[in-house]
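Structure, as structure tokens:
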């Protein structure tokens, strides 16, 4: 499984990479939104684990750009949003993309990894 | 005749109470009064002006009323130019019976016009007189300049046409102009006092306390300039102090939230990488070290999460919630109470299903205030082993006690400690207990001070 982790907090980025690699996934990383968009458009990932608060743009912006390549259904399958925000506003917007949303810090690490690596249908 | 001007002595708004000083008369009042009195027997203009200066509260309205002077029927607009001595600008007001337009302009221009009018002999002016000035006066006009105590004024009344003034009109204007000086003084002074009064009233209205006049004792009470004594009485619901207080809590809550967000990401990163290293490191000592690090990180995360929960409102508290709240208050007051032994005890058996219907933030605030007060008293006058005990009765009716072994409150001061602004601390606001008492009232209870051998003992009681 090919996964892209988009997260600007380096320790989180590297740790998630290691955790996912231990589970057998092939993991690439990006620290900012613009690079992530390039990578998504040029490569074919099975999953993109994307933080909302990035240095340059937001995770939502990344998803919007990905729409030029993927259908809404594919988008909802492709992205797993991770975020420290728990505000209703943010959650509502995430829901409009119909993808998985995980709150940082993860209350259950194993469950979080399961969601990142599973086929959608866990909704 | 004399009593016509006496009405400037009455406070315009007696509703604010005797505590507010009444109007002062202008300083040169006697001189003005004499001038007015001398004039009034000479002209009907003076009668008119007396009535108008009584009726109007500001100079603009006064000028507007001048347009009603008998003989001025053709004059539609009054131009009132005023310069307060010392200022670099003057203001011109264009006044009709239904409109006002005002503009500031440079004092040099004002002075030029002032001098031009002063020098002119026959005092009627056409448009040529205005050449070189940036003033918009339509039609022919009559003008007079006045040099007053603090101000220089130019009064212009104009017609909306270009006909010349009649002889009657000119003499009416002359008559008015010859007596109007002192009335301008009075009306300007009145205007200033009304403004000042409004500012003071606004300040009083926004005090969260009612100003109450009392018989007074110069040792205990403050005296107003008017010679009366006053006391501040807490409003029943202490609404305004509460608002400031609640605002501060709101701000604090926001601050904590921001802090939580900023710290949560780095801490999560630390947590994850610590977990990985715990798994990867084989050497036992290093591995153990890593585990300590991981556990420290978990503790940091839980401190942050607890702090922010503290400021999230909830309306009902279980026994556990209350115990948690006490522990959090102890943590929050750590910096004030390092050497103080703090403990939490239950009074009697605890009802398992105990549920306190109360605003958790207010309850926390009261507890926080009482504990901080104890800590500060102990820090300043502590004995050998300073101690604060918080006791809770977790059955209805609910009781929360805060007891310390510090100096306690003086017997004579006991009834005063809940009063606003009463404090024995050098830098105290004297508001903590007053606000706490009002929060307690809002919760449907009250705080009582129990005099005991040594130390302070406060108890919050809430009705079930």
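The values are calculated or read from the model by the stated rules, or taken from the named source; none is laboratory data. Remember, predicted model here, so these are calculated numbers, not experimental data. Note that we place each Cβ from the backbone using ideal geometry, even for glycine, and neighbour counts take in every protein chain shown.
Quick notes on this one:
- When each of B:368, B:344 is tested for being under 25 Å from residue B:446 (Cβ atoms) and part of a helix (DSSP H, G or I), the lone residue that passes is B:368.
- Residue within the stretch B:111-133 that is modelled with pLDDT of 85 or more, under 24 Å from residue B:197 (Cα atoms) and in contact with a helix residue (DSSP H, G or I) (Cβ under 9 Å, 6 or more places away or on another chain) present: no
- Those residues of the stretch B:165-191 which are over 16 Å from residue B:148 (Cα atoms), within 48 Å of the chain's Cα centre (by Cα) and surrounded by fewer than 17 Cβ atoms within 10 Å (Cβ to Cβ), in sequence order: B:174
- Residues located in the stretch A:7-42, provided they are within 14 Å of chain B (Cβ to nearest Cβ), within 25 Å of residue A:91 (Cα to Cα) and in a strand (DSSP E or B): A:29
- Failed condition for residue B:309, given (1) touching a strand residue (DSSP E or B) at 6+ places or on another chain (Cβ under 6 Å); (2) surrounded by 15 or more Cβ atoms within 10 Å (Cβ to Cβ); (3) modelled with pLDDT under 90: (1)
- All conditions but one from (1) at pLDDT 85 or above; (2) in contact with a helix residue (DSSP H, G or I) (Cβ under 7 Å, 6 or more places away or on another chain); (3) outside any strand (DSSP E or B) apply to residue B:377; the one that does not is (2).
- Extreme residue, modelled with the highest pLDDT, among residues of the stretch B:347-365 that are in contact with a helix residue (DSSP H, G or I) (Cβ under 7 Å, 6 or more places away or on another chain) and in a loop (DSSP other than H, G, I, E, B): B:354
- Considering the conditions (1) surrounded by fewer than 20 Cβ atoms within 10 Å (Cβ to Cβ); (2) farther than 22 Å from residue B:261 by Cβ; (3) within 14 Å of another protein chain (Cβ to nearest Cβ), residue A:69 is excluded by exactly one of them, (3).
- Meets criteria (modelled with pLDDT of 70 or more, away from chain A (no Cβ under 14 Å), surrounded by fewer than 17 Cβ atoms within 10 Å (Cβ to Cβ) and within 30 Å of residue B:294 (Cα to Cα)) for residue B:282: yes
- Residue tally, condition in contact with a helix residue (DSSP H, G or I) (Cβ under 9 Å, 6 or more places away or on another chain) and surrounded by fewer than 17 Cβ atoms within 10 Å (Cβ to Cβ), over the stretch B:424-460: 6
- Subset tally (residues that are out of contact with any strand residue (DSSP E or B) (no Cβ under 7 Å at 6 or more places or on another chain), outside any loop (DSSP other than H, G, I, E, B) and in contact (Cβ under 8 Å) with a residue 24 or more places away in the chain) for the stretch A:54-69: 5
- Within the set B:188, B:252, B:232, B:263, the sole residue that is part of a helix (DSSP H, G or I) and modelled with pLDDT under 75 turns out to be B:252.
- Yes/no for residue B:239 being over 30 Å from residue B:360 (Cβ atoms), away from every other protein chain (no Cβ under 14 Å) and modelled with pLDDT under 70: no
- Filter pass, residue A:45 being touching a strand residue (DSSP E or B) at 6+ places or on another chain (Cβ under 7 Å), at pLDDT 90 or above and assigned to a loop (DSSP other than H, G, I, E, B): yes
- For the stretch A:90-123, a tally of residues being within 14 Å of chain B (Cβ to nearest Cβ), part of a helix (DSSP H, G or I) and more than 14 Å from residue A:49 (Cβ to Cβ) returns 2.
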